Structures are given as C-alpha cells and as structure tokens.
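Take a look at the structure set out below.
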Amino acid sequence: MSMSQFYILSNRGDTIIYNDYRRNVPRTSTEVFFRKVKFWEKGDAPPAFHVDGVNYLSVKKNALYFVATTKDNVSTRL
C-alpha cells in the first residue's frame, strides 16, 4: 500500500496534523472522512471504507481519529 495522506483529527473534526505524501487525493478528504464518520447510517463507521475512489483507514483513540488515505486497492488484513 502506498499511503497518500496521513492526518489526525479531533472528535470535532479539527485537523491537528496533516501530511500529503503523494498529492493524488484532494485536500478535502479530511472533511469527507469526518462527515462520513459522524453521519454513518448504522452508528460507528468501520475502520476501513471507500468513498469516490479514495480508501480511508482509521483508528479512533482518546477522542482522536488517526486516518490514512490511499487510491490503491488495500487489504485490511494484518
């Protein structure tokens, strides 16, 4: 997997840390991610999901979201 972006968001959606490694995912991905997580249809969003050609992989820890994005196909198996 080649990570496109990495960011940390507060539980209010504020960007704490942001780094864009490949510049192939729009900067607005932080807003897309937060909107999807907060308004997920069945409660908690899964740790990996796909929206408009972008894969979002996330972990929530202590009211912070740690998020990686990629355009590549990914396997969530470790």
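Taken together, the values in this text are just the output of simple stated rules run on the coordinates, not laboratory data. What you see is a predicted model; the values in this text were computed from it and never measured. FYI the Cβ positions are ideal-geometry reconstructions off the backbone, even for glycines, and counts take in every protein chain you see.
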*Label-to-label distance, nm, for residues given as GLU41 and LYS61 (7 Å Cα→Cβ offset)*: 3.1 nm
*asked:* Counting only other residues whose beta carbon sits under 12 Å from that of LEU64, what net charge do I get with K and R as +1, D and E as -1?
replied: +2
_Normalised contact order of the chain, rounded percent, pairs of Cα under 8 Å and 6 or more residues apart_ = 37 percent
*Sequence neighbours fewer than 8 away in the same chain don't count; with that in mind, list the lysines whose C-alpha is under 23 Å from LYS42.*
LYS60, LYS61
